[in-house]
Amino acid sequence: MASANPHMVFSDVHIAFAGKSVHAGVSLQVQRGSVHFIMGQSGVGKSVLIKTLVGLVHPDRGSITFDGTEVVGLSEAAFFPIRRRCQMVFQQATLFGSLSVLDNVAMPIARHEQVSMAVARQRAAEVLESLHARHLGERLPATLGPGLRKQVAIARALALNPEALLYDEPTTGLDPIAARRTDRLIRETSIRLGVTSVVVSHDLQSLLSIGDWVSFLHAGQLHFDGPPAKFFAATDPVVRAFVQAGSSSVGHC
């Protein structure tokens, strides 16, 4: 999906580990405010690709821009402002077990904004309220199920008012009800706050429910790039095999 002012651009990205190619010239764009899925079989490097945006993985060749800023070759210090504007929600919603939900969300505010914990807690409470989770504030993470922990992880990522969120398999390991609740949260965040959402996922129901665009990776390259309706209707044998393998979770696929 090309536009004159995309939020993120990957151009001819090459990545290899221990001599084994993962990406061999991947090029794609992510539009502002969209919910953009990156899909493909396990091992194709979906998570690897989004980690390049925040400097957790460094490509061997190619260009990657975030809001027009080239991130390939940035120093660790230069990535700090990028990471603040582009937050990552990891597959395992790791929270500080000894801290309440409220303090888990308040901590990055206090640290990055250099405000008191009292001020940070007030802002954290507002973030939790916006995600319908203020009632969880005094609970410890160990008392929460996987779906609620994911909700808190998203709240913590939103605490610094990022422009973009990168979700790594956000519904993996969740029961169907919690998975669909997470989907709704991603979509609501996109609509209400204008946050660009990049979602690495195998979940075809999520794509069908909330996706604006899907980039499908195969054999180190971009194999399909288009709206979900065209993805589900594609006759390409690689895409069809992927859709059919996951059709049990999507009623009409």
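Laboratory data are not the source of any read-out in this text; all were calculated from the coordinates shown. Model, not experiment: these values are computed from the prediction. Note that we place each Cβ from the backbone using ideal geometry, even for glycine, and neighbour counts take in every protein chain shown.
Quick notes on this one:
- Mean residue ellipticity (222 nm) of the chain, computed from DSSP H runs ≥ 4 via -39,500 (n - 2.57), nearest 500: -11500 deg cm²/dmol
- Scaled against the 2.2 N^0.38 Å expected of a compact globular protein of N residues, the Cα radius of gyration of region 124-253 reads 1.15.
- Compactness ratio for region 120-188: Cα radius of gyration over 2.2 N^0.38 Å (N = residue count) comes to 1.07.
- Taken over the chain, the alpha-carbon convex hull comes to 130 cubic angstrom per residue.
- Along each principal axis, Cα extent of region 111-153, largest first, Å: 31, 19, 16
- Quotient of Cα Rg and 2.2 N^0.38 Å for region 43-85, N being how many residues it contains: 1.10
- Label-to-label distance, residue 235 versus residue 192, with points set 7 angstrom from Cα along the beta-carbon direction: 4.4 nm.
- Listing 235, 65 from fewest to most neighbouring C-beta atoms within 10 Å gives 235, 65.
- Taking the C-alpha atoms only, the angle from helix 176-193 to the longest principal axis of the chain is near 80 degrees.
- Added length on full extension, which subtracts the Cα-Cα distance from 0.36 nm per residue, residue 85 to residue 60: 6.6 nm
- Each listed q (0.16, 0.20, 0.23, 0.32 Å⁻¹) maps to a log10 I(q)/I(0) for region 189-240 from the Debye sum over equal C-alpha point scatterers, namely -0.50, -0.75, -0.94, -1.42.
- Cα-based Rg and Dmax for region 6-151, where Dmax is the largest Cα-Cα distance (Å): 17.9, 50
- Over the Cα atoms of region 67-158, the radius of gyration divided by the Kirkwood radius equals 1.02; this is the Rg/Rh ratio.
- Taking 41, 31, 91 in turn, the Gaussian network model of the chain (Cα-Cα springs below 10 Å) assigns the largest fluctuation to 41.
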